[in-house]
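Below: one structure, written as structure tokens.
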Amino acid sequence: MDWSRYRPPSYDELIQADGQPRASARRLIEYITGLSRKELAERQLAADLAAREMGVTFTVYSEGRNVDRTLPFDVIPRVIPRSEWARTEAGLRQRVQALNLFIDDIYGEQRILRDKVVPRSILKESVNFREQCVGIRPPLGVWAHICGSDLVRDGDGTLYVLEDNLRIPSGVSYLLENRLVAKRVFPELFETTAILPVDDYPAQLYDTLAALSPRPGEQPVIALLTPGIYNSAYFEHCYLAQSMGVELVEGGDLFVGDDDVCYMRTVYGPRRVDVIYRRVDDLYIDPECFIADSVLGVRGLIRSWRAGKVALANAPGAGVADDKVVYAYVPKMIRYYLDQDPILPNVPTYLCDDARQRKYVLEHLAELVVKPANESGGYGMLVGPRSTKRQREQFAKLILARPRNYIAQPTLSLSTAPVVTETGPQPRHLDLRPFVLSRHDIYVTTGGLTRVAMKKGSLVVNSSQGGGAKDTWIVDFEESA
Amino acid sequence: MLSRVADNLYWFTRYLRRAENTARLVNVNSQLQLDLPRNVRFAWQPLLDTLGVQDAFRRLHPDSEGDAGEADVVRFLLLEPGSPCSLLSSLQASRESLRSIRDTLPAESWERVNGLYLWLADNGERALGRRYRQELLSRVVDGCLVVSGMLTANVSRDTGFQFLRLGTALEQADMTTRIIDAGGSGLIRPRVTDDLAAFRAVQWISVLRSLEAYQMYRRQVRQRVTPALALRFLLQDAEFPRSVTYCLDRVESTLPRLPGRKAVSRALAQVQSIVRGADTVALAEHGPKVMMDRIQIGLVALHEALAEAYFRN
């Protein structure tokens, strides 16, 4: 495999600016260099077949038909040195701990608002703040038991947190399956390189859920609540339920009795459920409490949760910290609740609600990325350097009309890694989503899900828009002699 | 075992078995029609009646008074999306039941059922002409049996498996009575009544063939086919797996593996006693229709008892 024409536009995860492999990736690059283009293509084909056999799919609903698509997988792994990962992991622990303290505070005493570290106006227009959750004290004080934070690397090599997903983050099944595929494709490298394992996640997730049971000391009954077969992440729901050995349920399988206890309908009769890992959005989870005509949820579930008869993960209302305005305050939260300096930096963020920052944003629209505070999936954004004058004028109007609803960030030049293409290895942009589990302690996945834009120059890594994935190796390269 | 999962397991095999029997029924009758001399008319109409879809058919073909033509009936029985009993609808319903419980059965069963459905949806039109009909329907029958074989060979005999067995057994019992009913109500109408007796035998052989029972009948009964003997074989034989008695015995054998429910045992005993008490000689004489209706009503009651006991908790 020839690397002489490999020209990354920005920071590359495997190759240095001088064209040499990074120390952590040296063994991998040497190995791939030793393969012919045909051999590499064969490995890629083997990986595609393996993924299809394992049924690694996501569901796309279009033209009234449901299609299971295989997530594109690129065989060249992304490599992160263990020393860098240790620091990142510590940064994630710190961050998620602070976020959980924040959510608990917001639904409790609201100290952080009283002390004016975060302005009270933050709750105004927060679409994910749930009035119904005020005063509730979930077990262990934890609201976001499962968090997926998106990390991106800028041109100078700095790793930033781009956003925190505290509602129902998905993708962990791909992380686990990608490793199985990579092992089939590069067994030799796993023998000679110290690649840290990732397969502990289902057991860790089970422990996280079991720790929430309202009946400690007894074998907890745990269920994963899915919106059903038409949900794009249904594969993941099946995968996690099976690998944890818990029941996969839909809303209709559950009911809440007059005793406020949540039950499953089984052929043996009703059976009590202690913990629900819900993959249904807050607003659909209980027609008694939120959207009244939702058929995905369970009537009375919030009542049962309030009464402490069933535990919900993540807790309803946890999304309040998912907001991009709240995001801007996370470094302050870390200082406020933990009295520590943030380990992982935020992308600098301008809040349009603040007059001075708004003025700066309006004057620099051509350089900035403007995002709505509560959208996800990259919708409703303005990418300054790629925008037209008319789009900028339109966004200036939108910002002035609803300043709370917009934030702006400098345009980052996302890092790249090589992917296999017909013309040899080509650089493609990527990000990283580690998953963080919170209970008495905090667990962070080893690495995370690396999502990669398969199209040249594209910054969009979402699977729904043609993005793919890579295996992520945390490598102890000093040990792997 | 979640009630919803049990419900879907049951309907998955029920619809699969329905599809297989429908394919067989159309196939055998298409063959029979080819064997008949010109002065004997073959009526497709009774097939609609016995499958209980005459009203749905009439709605689509309001001008077909009494005598529906082959093309319309075959299309309706095989491909009509609006009929709950058409071959394509049955396969689709089987697939949809399976879709939401894919994680509980071996992955290959989903692949096969999904593949069979998509193949029929793409190629079904070809079966409407006589030229390819047999080939195509045989392929559907084979496809269904491959899935049944996979389930038998590869699925653990746990609670869920009992629901797979129940679905197959109830559907086969029901389809057997419907196919008997079709045969007994005169698919063949000779123009000269003298020929009637001769063609009745042909007709009952075709009924046995529709249920893949002809060879087993010959081996076991060792007599030429008469309506009364054929009826006894299909209703009361304890060893032939598509006989009503055998299917009900299978239902009985699953019950000890499930949480006990008196209403289920009661409903089963009731339909068993109807079948046991059937006088096949009299049925051959006066036509099996009323008796088949009674058995079908008993099977509906049994299904209701099962649904109440296990699916609607």
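Some notes on this structure:
- Summed over the residues of chain A and divided among them, the accessible surface reaches 42 Å² per residue at a probe radius of 1.4 Å.
- 1.4 Å probe, heavy atoms, protein only - residues of the stretch A:258-276 losing at least 50 Å² accessible area vs chain alone: A:R265, A:V267, A:Y268
- Nitroxide proxy distance, nm - points 7 Å out along Cα→Cβ at A:Q110 and A:E188: 6.4
- Computed in the context of the full set of protein chains, the accessible area of chain B at 1.4 Å probe radius has 49% of its extent on carbon or sulfur.
- Anchor A:K456: lysines whose Cα lies under 20 Å away (excluding residues fewer than 8 positions away in-chain): A:K470
- The calculated 222 nm mean residue ellipticity attributable to helices in the protein assembly as shown amounts to -14000 deg cm²/dmol, summing -39500 (n - 2.57) over DSSP H runs of n ≥ 4 and dividing by all residues.
- Net charge of Cβ neighbours under 14 Å - reference A:K397; Lys, Arg +1; Asp, Glu -1: +4
- Taking 13 Å as the cut-off, the amide N atoms of the stretch B:269-285 that come nearer than this to a point 7 Å along the Cα-to-beta-carbon line of B:I297 belong to B:271, B:274.
- Of all DSSP-defined beta bridges confined to chain A, some 75% are antiparallel rather than parallel.
- Pairs of Cα atoms nearer than 8 Å and 6+ residues apart set the relative contact order; for chain A it is 24 percent.
- Interface size A-B, as summed buried accessible area [1.4 Å probe, Å², nearest 100]: 1600
- Per DSSP, loop chymotrypsin sites (Phe, Trp or Tyr not before Pro) in the stretch A:373-470 with at most 13 further Cβ within 10 Å: A:Y379
- Carbon plus sulfur fraction of accessible area for chain A, probe 1.4 Å, in percent: 49
- Whole-angstrom gap from the stretch A:184-237 to the stretch A:340-356, using each part's C-alpha centre: 33
- Potential extension, B:Q134-B:A263 segment - 0.36 nm per residue separation minus Cα distance: 42.2 nm
- Dipole axis of the stretch B:3-311 (+1 Lys, Arg; -1 Asp, Glu on Cβ), positive-most option in B:G143, B:S185, B:A153: B:A153
- Each of A:L212, B:W44, A:L344 was scored by the projection of its Cα onto the charge dipole of the protein assembly as shown, and the greatest displacement toward the positive side belongs to B:W44; charges sit on the C-beta of Lys, Arg, Asp and Glu.
- For the stretch A:91-169, size of Cβ-based charge dipole, Lys and Arg +1, Asp and Glu -1, in debye: 260
- Comparing each chain alone with all protein chains together (probe 1.4 Å, DNA, RNA and ligands left out), the residues of the stretch B:1-48 losing at least 20 Å² of accessible area are B:M1, B:L2, B:S3, B:R4.
- 27 Å Cα-Cα threshold exceeded, pairs from A:K116/A:K309; A:K124/A:K389; A:K38/A:K183; A:K116/A:K397; A:K309/B:K262; A:K38/A:K455: A:K116/A:K309; A:K124/A:K389; A:K116/A:K397; A:K309/B:K262
- Here the label points at B:L60 and A:A355, each 7 Å from Cα along the C-beta direction, are separated by 7.3 nm in the simple model.
- Rounded Å value of the spacing that divides the Cα centres of the stretch B:1-55 and the stretch B:252-274: 26
- When both the stretch A:82-108 and the stretch A:1-21 are represented by their alpha-carbon centers, they are found 33 Å apart.
- Farthest towards the positive end of the charge dipole of chain A, among the residues A:F190, A:S170, A:Y329, is the Cα of A:Y329, using unit charges on the Cβ of Lys, Arg, Asp and Glu.
- Global size of the stretch A:424-481 as Cα Rg and Dmax, reported in angstrom: 14.7, 48
- Ratio of Rg to Rh for chain A: 0.97 [Cα atoms; Kirkwood radius as inverse mean 1/r over pairs].
- Where chain B is the region considered: accessible area per residue in Å², 1.4 Å probe: 44
- Debye, to nearest 20: dipole size of the stretch B:3-311, +1 on Lys, Arg Cβ, -1 on Asp, Glu Cβ: 580
- About its Cα centre, the protein assembly as shown has a charge dipole of approximately 1020 debye under the convention of +1 per Lys or Arg Cβ and -1 per Asp or Glu Cβ, with nothing else charged.
- Computed extension gain for A:L400 through A:D258, at 0.36 nm per residue and net of the alpha carbon distance, reaches 46.1 nm.
- Length gained on full extension, A:R7 to A:R303: 100.8 nm, using 0.36 nm per residue less the C-alpha separation.
- Here's how it looks for A:E163: its modeled amide H is under 5 Å from those of A:D150, which are all 5 or more places away or on a different chain.
- Förster-model FRET efficiency, 51 Å R0, A:Q465 and B:E304, C-beta, rounded to 0.05: 0.55
- Over the Cα atoms of the stretch A:83-131, the radius of gyration divided by the Kirkwood radius equals 1.12; this is the Rg/Rh ratio.
The values are calculated or read from the model by the stated rules, or taken from the named source; none is laboratory data. Computed from a predicted model, the values in this text were never measured in an experiment. Neighbour counts run over all protein chains shown; Cβ positions are idealised from the backbone, glycine included. Note: areas computed on protein heavy atoms with side chains; ligands, DNA, RNA excluded. Shrake-Rupley method; radii C 1.70, N 1.55, O 1.52, S 1.80 Å.
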